[in-house]
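Structure first, commentary second.
The values are calculated or read from the model by the stated rules, or taken from the named source; none is laboratory data. These numbers come from a predicted model, not from an experiment. Please note: Cβ atoms are built from the backbone with ideal geometry, for glycine as well, and neighbour counts cover all protein chains shown.
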Amino acid sequence: MFALWLLVFTAASQTIIITPILPLIGEELGVGTGPLGLLVSVYSWVLAFAALVMGPISDRIGRRRVLIVGSGALVVALALHGLADSFDTLLGMRVLAGAGGGILSGAAVSYVGDAFPYERRGWATGWVMSGVPFGLVLGIPLGRALAVAYGFRMPFVAFAAVMAVAFVLILTVVPQPDVRLSASRPTVRGSLRQYWDLLVGPGGTGAAAATYFLMYFGLGLLIVYLPQWLTTQFPLEVSLFGEPLTVFGLPLDFIATLFLVGGIVSVIVSPRAGTLSDAIGRKPLILASCLGLAVVTAALPFVVVERWVAYPLYIAIMGFFSLRMAPLQALLTALVPGRQRGAFLSLTIAVGQIGTGVGAALGGVLYATYGYPANTTASTVMILLMAAFVWAWLPEPTGQATDAPVRVPSEECT
């Protein structure tokens with residue numbers, strides 16, 4: 001599980017780091033606030049496309065091979081960020097990273113679904129996906145510090161080195177789970193037909209895709225321009241006993257420490273949320289977290305009038321987000337049988353990344369036109385819509401699906 005955790009940690013860190021260093025990228029490359037959101041949107045859209053392509057392939061060839069190819073591709077893509085000397089070049093590097101991330105996107109969670117029974121899957125998913133909040137605790141503050149000290153390229157090069165370690169571990173110690181693979185050869189027509197059947201078929205798979213879209217749409221609206229807004233509102237230097245706060249000689253500023261404390265809460269909440277959902281069900285935790293997150297998000301720009309207030313508010317945001325993530329992902333793995341899990345999770349992740357990209361793009365327009373309160377208001381609406389979808393249409397599985405709720409495309413569908 002450590003290899004999967006390290007992979008998730010690094011993939012999440014290199015994705016999330018773009019948000020807290022957007023102001024630094026804009027300053028170093030001379031780019032205005034509006035276009036910076038494209039670095040998030042384009043990455044998300046490319047990741048979505050790659051995830052859709054790789055989902056049926058992973059069902060056919062197994063998760064291990066996909067993990068190897070994806071982690072190796074991401075090592076190369078992240079290392080190339082060190083050569084980015086213009087906004088257009090950096091945008092191209094994010095396209096490559098999005099492709100690598102898309103290959104990996106559903107593979108780690110699908111691997112957990114293949115390797116663990118449903119009764120323990122919440123626990124396993126929580127621990128593997130705790131790599132995301134650990135990325136917030138370790139990867140993002142250190143990445144922000146590296147960017148402040150050495151330029152925006154350095155965090156990506158550092159994450160390339162960590163991903164190389166994950167690649168070696170997956171290559172040497174991660175086995176292919178003993179699970180039935182899809183017998184059909186993936187084709188464009190067959191894959192499109194399978195995805196369509198998943199979207200419109202019974203069993204809650206379409207509602208799950210809509211839920212993922214709304215969740216990440218709201219996240220893109222809320223988070224992408226949060227550091228930009230905070231940078232304009234408050235001083236960034238953080239002092240301890242009258243001296244600038246540093247770690248390993250690197251400066252930790254307000255944005256870095258904010259992500260640090262939020263990440264610590266996520267590390268604590270994420271695995272416990274998975275375990276708790278094994279005991280009481282997935283939907284109650286998802287709904288409770290949505291309602292709590294909606295309240296905090298709506299209040300954020302009006303309550304944060306002093307810099308210190310941002311810390312408890314961001315802690316609450318990350319706590320509620322973590323409270324719903326592990327239960328939701330565990331629930332999704334049970335909606336389809338194992339031979340369709342890769343395609344289904346890739347579909348939901350792709351739809352979620354499209355939501356992130358749309359949210360980031362729309363967030364840039366709202367931020368530039370009306371200010372950050374417009375972003376948080378729109379995000380609150382998306383969170384409440386997600387809660388409505390979960391309550392009304394997302395089922396609560398009682399066990400692992402064994403009979404395919406949708407038609408599996410045969411090899412003749414070419």
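Couple of notes before you dig in:
- Within the set 62, 55, 70, 32, the sole residue that is of a type in the set (Gly, Ala, Ser) and over 30 Å from residue 173 (Cα atoms) turns out to be 32.
- Residue ID - surrounded by the most Cβ atoms within 10 Å (Cβ to Cβ), chosen from residues in segment 61-114 that are modelled with pLDDT of 90 or more and either basic (Lys, Arg) or outside any helix (DSSP H, G or I) (or both): 94
- Scanning segment 163-175 for residues that are part of a helix (DSSP H, G or I), among the β-branched types (Val, Ile, Thr) and crowded, with 18+ Cβ neighbours inside 10 Å gives a single hit, 170.
- Residue in segment 299-311 that is crowded, with 20+ Cβ neighbours inside 10 Å, touching a residue at least 60 places away in the same chain (Cβ under 8 Å) and outside any helix (DSSP H, G or I) present: yes
- All of (1) closer than 14 Å to residue 310 by Cα; (2) touching a residue at least 40 places away in the same chain (Cβ under 8 Å) hold for residue 212 with one exception: (1).
- Output for segment 327-380, where each listed residue is more than 26 Å from residue 266 (Cα to Cα), crowded, with 22+ Cβ neighbours inside 10 Å and among the polar types (S, T, N, Q): 340
- Residue list for segment 15-29, filter: free of Cβ contacts under 8 Å to residues at least 24 places away in the same chain and surrounded by fewer than 18 Cβ atoms within 10 Å (Cβ to Cβ): 27
- Exactly one residue out of 143, 218, 203 is in a loop (DSSP other than H, G, I, E, B) and either among the basic types (Lys, Arg) or within 30 Å of residue 289 (Cα to Cα) (or both), and it is 203.
- For segment 136-150, the criterion of being touching a Pro at 6+ places or on another chain (Cβ under 7 Å), of a type in the set (Val, Ile, Thr) and surrounded by fewer than 24 Cβ atoms within 10 Å (Cβ to Cβ) is met by at least one residue.
- With respect to the stated conditions, residue 383 is surrounded by 24 or more Cβ atoms within 10 Å (Cβ to Cβ), farther than 21 Å from residue 105 by Cα and either in contact (Cβ under 8 Å) with a residue 12 or more places away in the chain or in contact with a Lys or Arg (Cβ under 8 Å, 6 or more places away or on another chain) (or both).
- Positions within segment 197-244 being farther than 30 Å from residue 373 by Cβ and surrounded by 16 or more Cβ atoms within 10 Å (Cβ to Cβ), in sequence order: 197, 198, 199, 201, 203, 204, 205, 206, 207, 208
- With respect to the stated conditions, residue 347 is hydrophobic (A, V, I, L, M, F, W, C) and either at pLDDT 95 or above or assigned to a helix (DSSP H, G or I) (or both).
- Among the residues of segment 240-290, those identified as modelled with pLDDT under 85, touching a helix residue (DSSP H, G or I) at 6+ places or on another chain (Cβ under 6 Å) and more than 24 Å from residue 124 (Cβ to Cβ) are 250, 251, 252.
- Residue check, residue 78 touching a residue at least 40 places away in the same chain (Cβ under 8 Å), of a type in the set (A, V, I, L, M) and more than 22 Å from residue 344 (Cα to Cα): yes
- Residues in segment 221-260 that are of a type in the set (A, V, I, L, M), in a loop (DSSP other than H, G, I, E, B) and closer than 22 Å to residue 298 by Cα: 224 alone.
- In segment 250-286, the residue that is surrounded by the most Cβ atoms within 10 Å (Cβ to Cβ) out of those that are of a type in the set (A, V, I, L, M) and under 16 Å from residue 329 (Cβ atoms) is 273.
- Count of residues meeting criterion [surrounded by fewer than 24 Cβ atoms within 10 Å (Cβ to Cβ) and not in a helix (DSSP H, G or I)] in segment 151-162: 2
- Residues that are assigned to a helix (DSSP H, G or I), touching a helix residue (DSSP H, G or I) at 6+ places or on another chain (Cβ under 9 Å) and either within 21 Å of residue 256 (Cβ to Cβ) or without any contact (Cβ under 8 Å) to a residue 12 or more places away in the chain (or both) do not occur anywhere in segment 44-59.
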